[in-house]
Amino acid sequence: MSYPFQITSPEAYHQAVQKSIQDPEAFWAEIASTFLWKKRWDKVLDWNFTEPKIEWFKGGTLNITENCIDRHLGQSGNKPAIIWESNDPDEHHRVLTYRDLYNKVVQFANVLKNNGVKKGDRVCLYMGMVPELAIATLACARIGAVHSVIFGGFSAQSIADRLQDAQAGFIVTCDGAFRGNKEIPLKSVIDDALVQCKFVQRVIVLTRTRTPISMLKGRDVWWEDEIKKVETMGNPDCPAEEMNAEDPLFILYTSGSTGKPKGVVHTIGGYMVYTTYSFVNVFQYQPGDVHFCTADIGWITGHSYIVYGPLCAGATTLIFEGVPTWPDAGRFWDVVDKFKVNILYTAPTAIRSLMGFGNDPLIGKDLSSLKVLGSVGEPINEEAWHWFNEKIGKKNCPIVDTWWQTETGGIMISNLAGITASKPSFATLPLPGIQPILVDENGKEIEGNDVSGNLCIKFPWPGILRTTYGDHERCRVNYFATYENLYFTGDGCYRDGDGNYRITGRVDDVLNVSGHRIGTAEVENAINMHAGVVESAVVGYPHDIKGQGIYAFVIFENTHDDEKLTKLDIIQTVSRVIGAIAKPDKIQFVTGLPKTRSGKIMRRILRKIAEDELGSLGDTSTLLDPDVVADIISGKL
């Protein structure tokens, strides 16, 4: 299979950029026409950023699973679609060909229908990294149900919040999941969440860990039993539901600067076109390559570059259940060696963690199959970039440093592997079809090079979010109201003398911990639920492994208690309310917080203290109580 839209030279890149700016609709229509549509669109694009209203390929109908699976069956039916490597290196791996995947998706789509799932219903998927998660995702899409995958590390309260927001009446989960030397009790966490969610009609449970679990009659059913029912019906076909290009494909919850997570909605046609286009071009995918994205499918990276992008391109995608450091720090390299991986796409957090183990885990590992390395989730620092380049790529593999967001659907700014130049710690240039600009606080464009500003996008692309579920106003306020007629990314950015972009971090109250966005308000809300906490403020600070750590300043009503135990209690509270991913790395008890006279906490000052930049605190005389700053500095951890 060849890709008519693959950019194969620097000249072709520059030509594509020009075409995408001069006539964006023709540019994207040409790419979209290479996919399988049931009915061609009437209008390529209808948009304004004020409401916002964005519609791509309007009037077109399709089903994304026909593009992910059915269209490959003729020539590539026996080609591996998914390779699955277990958490346990001694457990046998699994390979699903495109024909196998088709049969399993059709089978589970019928299971969903038998259990009452209809077009438009929301289905929550809370599973470990097993092939059945990808199968369930695609089965939802096949029958027109909207999936909402929740990462297997979130707490019962976080799940309940998401279930209530999406009004998801159906859940697919596992008894448990393996992650390194831990067993995650997925079903029991779901049971805790469902105490608050009586509207859930059905829970389908896959057997993975054989953990004893509670199964409620009338609500809970086993995956395996439901599959047998379909088999006794003679494994009927499940024709793909005809969907409008602008029908929702999935809801994915992401942290915002206010406490409640927001459900980002992506639609079928535009998301399909954009993820496949970006996958093929950024990684320069060639038919037969084995693509290993180490993310969890519970995050957007897994949606776009484990499931939809690779499968639409007819690629072989590798799903890994485990973690990079178990049973030892050579696990990634074992996987690369075992399956002759060609493309490795991972996070700077993982790279920095593995750097810390030195070179011994690399001894005896054949990494010669690698052709392309990728970094995702946060800007990669130069030291990690060079280690990745020298030790893993042997200076022979281009590194694509990709910038994008849950809201963008796919990679927006990145070098194209081996086609456009890379630069350590820079995402470099936008993909053709993406029009980034830098603006100052007033929304005035900052022109020229060697400049810094807030990163915005001035024209829609097919993968842009359409709304936040059930609350369109929140979508408008978060992304389109800050600057007129622009999509605001929330990131600060530097553009160098050659026009390369480097992301400098969030400019709003959102942390980037190990590549995952966590709202400061969300963590503060969780800390404040602890019985003894009066008030808290949370900021990010530089962390050697995670990129950003979480530093919490906490006012506690009784400072005579055991301080160490109290900190552990607070950490436990955050884990219970949000999940372990949001645990504070440092908790400092303080007598007060720096506030303006109107009562606003000056997190800018706390951030400077946490970052050890005490010389640039700025004017503190306007604070309600300026002395509180000196107290905080004297007690800094």
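In the condition set (1) over 24 Å from Ser369 (Cα atoms); (2) modelled with pLDDT of 95 or more; (3) touching a strand residue (DSSP E or B) at 6+ places or on another chain (Cβ under 8 Å), Asp450 is compliant with all but (2). Of the residues making up segment 309-363, those that are more than 19 Å from the chain's Cα centre (by Cα) and within 30 Å of Thr34 (Cβ to Cβ) are Ala313, Gly314, Ala315, Thr316, Phe339, Lys340, Val341, Asn342.
Rundown of residues vs (1) under 21 Å from the mean Cα position of the chain (by Cα); (2) farther than 27 Å from Val189 by Cα, yes/no style:
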site	(1), (2)
Glu535	no, yes
Gly547	yes, yes
Ala552	no, no
Glu557	no, yes
Lys564	no, yes
Leu568	no, no
Ile571	no, no
Val577	yes, no
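Per the listing Ala417, Ala421, the residue uniquely at pLDDT 95 or above, surrounded by fewer than 20 Cβ atoms within 10 Å (Cβ to Cβ), aliphatic (A, V, I, L, M) and assigned to a loop (DSSP other than H, G, I, E, B) is Ala421.
Kindly check whether there is at least one residue in segment 330-338 that is surrounded by fewer than 19 Cβ atoms within 10 Å (Cβ to Cβ), without any contact (Cβ under 8 Å) to a residue 40 or more places away in the chain, of a type in the set (Gly, Ala, Ser) and over 29 Å from Thr504 (Cβ atoms). Scanning segment 330-338 turns up no residue that is surrounded by fewer than 19 Cβ atoms within 10 Å (Cβ to Cβ), without any contact (Cβ under 8 Å) to a residue 40 or more places away in the chain, of a type in the set (Gly, Ala, Ser) and over 29 Å from Thr504 (Cβ atoms). Across segment 94-103, the number of residues qualifying as in a helix (DSSP H, G or I), touching a residue at least 24 places away in the same chain (Cβ under 8 Å) and within 14 Å of Pro80 (Cβ to Cβ) comes to 4. Of all the criteria given as (1) assigned to a loop (DSSP other than H, G, I, E, B); (2) within 21 Å of the chain's Cα centre (by Cα), the one not satisfied by Leu125 is (1). Of the residues examined, Ile54 is not one that is in contact (Cβ under 8 Å) with a residue 40 or more places away in the chain, in a strand (DSSP E or B), over 17 Å from Gly409 (Cβ atoms) and touching a Lys or Arg at 6+ places or on another chain (Cβ under 8 Å).
Each row is one residue, and each column tells you yes or no for (1) touching a Phe, Trp or Tyr at 6+ places or on another chain (Cβ under 9 Å); (2) surrounded by fewer than 21 Cβ atoms within 10 Å (Cβ to Cβ); (3) not assigned by TED's automatic domain parsing to the domain that holds Tyr479.
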residue	(1), (2), (3)
Asp46	yes, yes, yes
Thr50	yes, yes, yes
Lys53	yes, yes, yes
Gly60	yes, no, yes
Cys68	yes, no, yes
Asn78	yes, yes, yes
Asp88	yes, yes, yes
His92	no, yes, yes
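Applying the criterion of being crowded, with 18+ Cβ neighbours inside 10 Å and among the β-branched types (Val, Ile, Thr) to the residues of segment 94-126, the residue that is nearest to Ser148 (Cα to Cα) is Val123.
Being modelled with pLDDT under 95, not small (Gly, Ala, Ser) and not assigned by TED's automatic domain parsing to the domain that holds Asn485 narrows it down to one residue among Glu390, Glu382, Glu441; which is it?
Working: Glu390 fails: modelled with pLDDT under 95; Glu441 fails: not assigned by TED's automatic domain parsing to the domain that holds Asn485.
Among Glu390, Glu382, Glu441, only Glu382 is modelled with pLDDT under 95, not small (Gly, Ala, Ser) and not assigned by TED's automatic domain parsing to the domain that holds Asn485.
Within the set Trp47, Trp41, Trp28, the sole residue that is assigned to a strand (DSSP E or B) and either modelled with pLDDT under 95 or under 24 Å from Leu249 (Cα atoms) (or both) turns out to be Trp47.
When you go through Ala109, Ala81 one by one, which is the residue that is touching a residue at least 12 places away in the same chain (Cβ under 8 Å), part of a helix (DSSP H, G or I) and among the small types (Gly, Ala, Ser)? Reasoning before the result, please.
Details: Ala81 fails: part of a helix (DSSP H, G or I).
Going through Ala109, Ala81 in turn, just one is touching a residue at least 12 places away in the same chain (Cβ under 8 Å), part of a helix (DSSP H, G or I) and among the small types (Gly, Ala, Ser): Ala109.
For Pro348, the criteria (1) under 20 Å from Leu125 (Cβ atoms); (2) in contact with an Asp or Glu (Cβ under 7 Å, 6 or more places away or on another chain) hold in every case but one, which is (1). Across segment 377-397, the number of residues qualifying as crowded, with 20+ Cβ neighbours inside 10 Å, out of contact with any strand residue (DSSP E or B) (no Cβ under 6 Å at 6 or more places or on another chain) and part of a loop (DSSP other than H, G, I, E, B) comes to 1.
Within segment 178-199, which residues are touching a residue at least 60 places away in the same chain (Cβ under 8 Å) and among the hydrophobic types (A, V, I, L, M, F, W, C)? If the condition is that a residue be touching a residue at least 60 places away in the same chain (Cβ under 8 Å) and among the hydrophobic types (A, V, I, L, M, F, W, C), then Phe178, Leu186, Val189, Ile190 are the ones that fit. Within segment 254-297, restricting attention to residues that are at pLDDT below 95 and within 30 Å of Gly59 (Cβ to Cβ), the residue that is surrounded by the most Cβ atoms within 10 Å (Cβ to Cβ) is Lys262.
Yes/no matrix, rows are residues, columns are (1) modelled with pLDDT of 90 or more; (2) over 29 Å from Gly443 (Cβ atoms); (3) not small (Gly, Ala, Ser):
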position: Thr482; (1), (2), (3): yes, no, yes
position: Gly499; (1), (2), (3): yes, no, no
position: Arg506; (1), (2), (3): no, no, yes
position: Asp509; (1), (2), (3): no, no, yes
position: Arg517; (1), (2), (3): no, no, yes
position: Ala526; (1), (2), (3): no, yes, no
position: Thr559; (1), (2), (3): no, yes, yes
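Does at least one position in segment 598-611 carry a residue that is among the charged types (D, E, K, R), touching a residue at least 60 places away in the same chain (Cβ under 8 Å) and in a loop (DSSP other than H, G, I, E, B)? Yes; the residues of segment 598-611 include at least one that is among the charged types (D, E, K, R), touching a residue at least 60 places away in the same chain (Cβ under 8 Å) and in a loop (DSSP other than H, G, I, E, B).
Go through segment 222-243 and report how many residues are surrounded by fewer than 19 Cβ atoms within 10 Å (Cβ to Cβ) and assigned to a strand (DSSP E or B). Here the count works out to 1. Looking across segment 333-368, the residues that are closer than 23 Å to Thr301 by Cα, outside any helix (DSSP H, G or I) and not charged (D, E, K, R) come down to Val341, Asn342, Ile343, Leu344, Tyr345, Thr346, Ala347.
Within segment 181-207, restricting attention to residues that are more than 24 Å from the chain's Cα centre (by Cα) and among the charged types (D, E, K, R), the residue that is nearest to Val123 (Cα to Cα) is Arg202.
Within 18 Å of Gly377 (Cβ to Cβ), touching a strand residue (DSSP E or B) at 6+ places or on another chain (Cβ under 8 Å) and either at pLDDT 90 or above or not aliphatic (A, V, I, L, M) (or both): is that true of Gly470 in this structure? Give the steps one after another, and end with the answer.
Values: within 18 Å of Gly377 (Cβ to Cβ): no; touching a strand residue (DSSP E or B) at 6+ places or on another chain (Cβ under 8 Å): yes; either at pLDDT 90 or above or not aliphatic (A, V, I, L, M) (or both): yes.
So Gly470 does not fit the description; no.
The values are calculated or read from the model by the stated rules, or taken from the named source; none is laboratory data. These numbers were taken from a predicted model, which means no experiment stands behind them. Cβ atoms come from the backbone with ideal geometry, glycine included; neighbour counts cover every protein chain shown.
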